[in-house]
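Heads up, the thing below is written out as structure tokens.
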Amino acid sequence: MPRLRILLADDHRIVRQGLRMLVAAQPDMEVVGEADSGRTAIALTETLVPDVVVMDVSMPDVNGLQATEVLHGSRPNVRVLALSRHTEGGYVQQLLQAGASGYILKQSAADDLVRAIRAVAGGQTYLDAAIADEAVSRGQRFRVGPNALTGKGLSKREEDVMRLIAWGLLGREIAARLQISIKTVEAHKTNAMNKLGLTSRIDIVRYAVVRGWMQEEI
């Protein structure tokens, strides 16, 4: 089996060295490049086209959020795993809206980082356990419709689409998996969000966490 090709982006050399040692120790992964700024991460991604970019949020020149936005537009098939010390929901929301497929805390265990890389490479959305726990605890507080915590009123197809969006699949990937058109995917997404009172991708992910979808196999 081909190994996952990983690009590491962090402005601290010692952090990159630690990440490189961790990734290189995995039989199914290899480090194909390192970047010390968001601008370099963008350039190397365009050249190397890795499977996953482990992206530090706080970097000079171009920060991780800005780099993620650029890469989501130019290389949507490259998954970005945001790496940060910040646990605030605002950071998570911004990164997910920018196109990141996951958010992992720097203070998490090494095994969690490896698990996160494999998850986003496989097309899932990964949230650090601490972030997911917060999302569950806040489930009753983010602005949603009365059916959001139960999914009542959704059709089977609408639920399928919402689950796949939460896992991080793109519209065309969802269309191929469900054997429907991209236009139909968008229609189901719009209908489901209206029924549930959701307004953004982060709302969809929070909803998925509350429903227990993020623990399922894709």
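The values are calculated or read from the model by the stated rules, or taken from the named source; none is laboratory data. All figures in this text were calculated on a predicted structure; none of them were measured in a lab. Cβ placement follows ideal geometry from the backbone for every residue including glycine, while neighbour counts extend to all protein chains displayed.
Consider the range 118-132. How many of its residues are at pLDDT 80 or above, closer than 21 Å to GLN94 by Cβ and hydrophobic (A, V, I, L, M, F, W, C)?
The qualifying residues number 3.
Being within 13 Å of the chain's Cα centre (by Cα) and within 19 Å of ILE14 (Cα to Cα) is the filter here, so list the residues in the range 85-104 that pass it. Lay out the reasoning, then the answer.
Keep residues of the range 85-104 that are within 13 Å of the chain's Cα centre (by Cα), which gives 91-104.
Within the range 85-104, ILE104 is the sole residue that qualifies.
Looking at (1) buried (at least 21 other Cβ atoms within 10 Å of the Cβ); (2) not in a strand (DSSP E or B), which is the one condition that is false for ALA82?
(2)
Every residue in the range 16-39 that is assigned to a helix (DSSP H, G or I), of a type in the set (A, V, I, L, M, F, W, C) and loosely packed, with under 15 Cβ neighbours inside 10 Å, please. Steps first, answer last, please.
Pass one, the range 16-39, residues assigned to a helix (DSSP H, G or I): 16-24, 38-39.
So of that shortlist, the ones also of a type in the set (A, V, I, L, M, F, W, C) come out as 19, 21-24.
Across the range 16-39, the qualifying residues are MET21, ALA24.
For the range 40-67, enumerate the residues that are buried (at least 18 other Cβ atoms within 10 Å of the Cβ) and either in a helix (DSSP H, G or I) or not assigned by TED's automatic domain parsing to the domain that holds GLY99 (or both).
If the condition is that a residue be buried (at least 18 other Cβ atoms within 10 Å of the Cβ) and either in a helix (DSSP H, G or I) or not assigned by TED's automatic domain parsing to the domain that holds GLY99 (or both), then THR40, ALA41, ILE42, LEU44, THR45, GLY64, LEU65, ALA67 are the ones that fit.
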